[in-house]
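The values are calculated or read from the model by the stated rules, or taken from the named source; none is laboratory data. Because the structure is predicted, anything quoted here is derived from the model rather than measured. Positions of Cβ are backbone-derived with ideal geometry, glycine not excepted, and every protein chain shown enters the neighbour counts. Protein only, heavy atoms only, side chains kept; ligands, DNA and RNA dropped before computing areas. Shrake-Rupley method; radii C 1.70, N 1.55, O 1.52, S 1.80 Å.
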Amino acid sequence: MNHPIVESCDAITLIAGGPCTRADLALARRRAPVIVAVDGGADRALALGAEPVAVIGDFDSLSEAARQRLGPARLHRIAEQETTDFDKALRSVAAPFVLALGVAGGRIDHELAVLNALVQHQAAGRAVPCLLIGVQDVIFAAPPELTLRLRVGDRLSLFPMGRVTGDSVGLRWPITGLNFAPDGRIGTSNTVTQAEVQLRFDAPNMLVMLPRARLDAALRALVPGFRLPRRSEAGVR
């Protein structure tokens, strides 16, 4: 990756152009206060009262009103068409982690492209964990080994974006010895049976899906030293 467009000591909330509410933004911003928009996601951010520090994309969906309001210094156009705007933005930021909004609940082709970018990001060994926040779910690409502190009875879904095998401890239906593939066996709607779930995978092709209420549990597993800021620290208005 070239020098990042946005480099931050604080985590980044990445806003795309799909459905996103003020509650979504407040949830993400408390944990990731720096706002970066994906192309037309800038219009979404501005409508919610948040001004992005940067807008990244090919600008085929960014409104003229948003361009004028934000000014050229915050607009970073990447014209190539080999990758999606989400991928362009994700590879152009450096931060402890990224929370992505506006990427679920809209067009299915956009959602699939985002999920594809997540596993490619993981496979490339990029150091910035990215978690997607949807209406009901938190989704992220699994690292080779993962330990999650969850609640018994929680839903935990695994969806392969390529061929992958692994091991598990703490799931109702163990995955040890199973061969997963997007056109074969998948692992959705499993159930947590103990407070600590351990997962291991032999390839960077697996997506993990948890209930949205387990966002902080996922962050603690993926980001060493993560703690939820007190509201006075978070700068949320």
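Worth pointing out:
- The range 25-43, subset in a loop (DSSP other than H, G, I, E, B) and touching a Ser or Thr at 6+ places or on another chain (Cβ under 6 Å), residue surrounded by the most Cβ atoms within 10 Å (Cβ to Cβ): ALA32
- Close contacts from the range 191-207, counting a first residue that is within 12 Å of SER157 (Cα to Cα) and a second that is open to solvent by 70 Å² or more (accessible area, probe 1.4 Å) and among the basic types (Lys, Arg), with Cβ to Cβ under 8 Å and a gap of 6+ residues or different chains, come to THR191/ARG155; THR191/ARG172; VAL192/ARG151; VAL192/ARG155; VAL192/ARG172.
- Within the range 151-164, residues that are open to solvent by less than 60 Å² (accessible area, probe 1.4 Å) reach partners that are among the aromatic types (Phe, Trp, Tyr) with beta carbons closer than 6 Å, at six or more positions or on different chains, in the pairs PRO160/PHE180; VAL164/PHE180; VAL164/PHE201.
- Those residues of the range 144-187 which are closer than 30 Å to SER92 by Cβ and out of contact with any strand residue (DSSP E or B) (no Cβ under 8 Å at 6 or more places or on another chain), in sequence order: GLY162
- Residue in the range 136-150 that is in contact with a Ser or Thr (Cβ under 7 Å, 6 or more places away or on another chain) and open to solvent by 10 Å² or more (accessible area, probe 1.4 Å) present: no
- Test: residue in the range 2-24 that is closer than 20 Å to LEU131 by Cβ, more than 18 Å from the chain's Cα centre (by Cα) and open to solvent by less than 20 Å² (accessible area, probe 1.4 Å): no
- Test result for ALA47, more than 23 Å from CYS9 (Cβ to Cβ), free of Cβ contacts under 8 Å to residues at least 12 places away in the same chain and of a type in the set (A, V, I, L, M, F, W, C): yes
- Here LEU171 passes the criteria (1) closer than 22 Å to ALA123 by Cα; (2) over 15 Å from the mean Cα position of the chain (by Cα) except the one numbered (1).
- Checking PHE226 against (1) touching a Phe, Trp or Tyr at 6+ places or on another chain (Cβ under 9 Å); (2) open to solvent by less than 10 Å² (accessible area, probe 1.4 Å); (3) within 22 Å of ALA11 (Cβ to Cβ), the condition it does not meet: (2)
- Checking each residue in the range 26-38 for being over 17 Å from CYS130 (Cβ atoms) and either hydrophobic (A, V, I, L, M, F, W, C) or modelled with pLDDT under 95 (or both) picks out only ALA26.
- Where ARG149 falls short, out of the listed (1) of a type in the set (Lys, Arg); (2) in contact with a helix residue (DSSP H, G or I) (Cβ under 6 Å, 6 or more places away or on another chain); (3) closer than 21 Å to ALA127 by Cα: (3)
- Every condition in (1) among the small types (Gly, Ala, Ser); (2) open to solvent by 70 Å² or more (accessible area, probe 1.4 Å); (3) in contact with a strand residue (DSSP E or B) (Cβ under 9 Å, 6 or more places away or on another chain) is met by ALA203 except one, and the failing one is (2).
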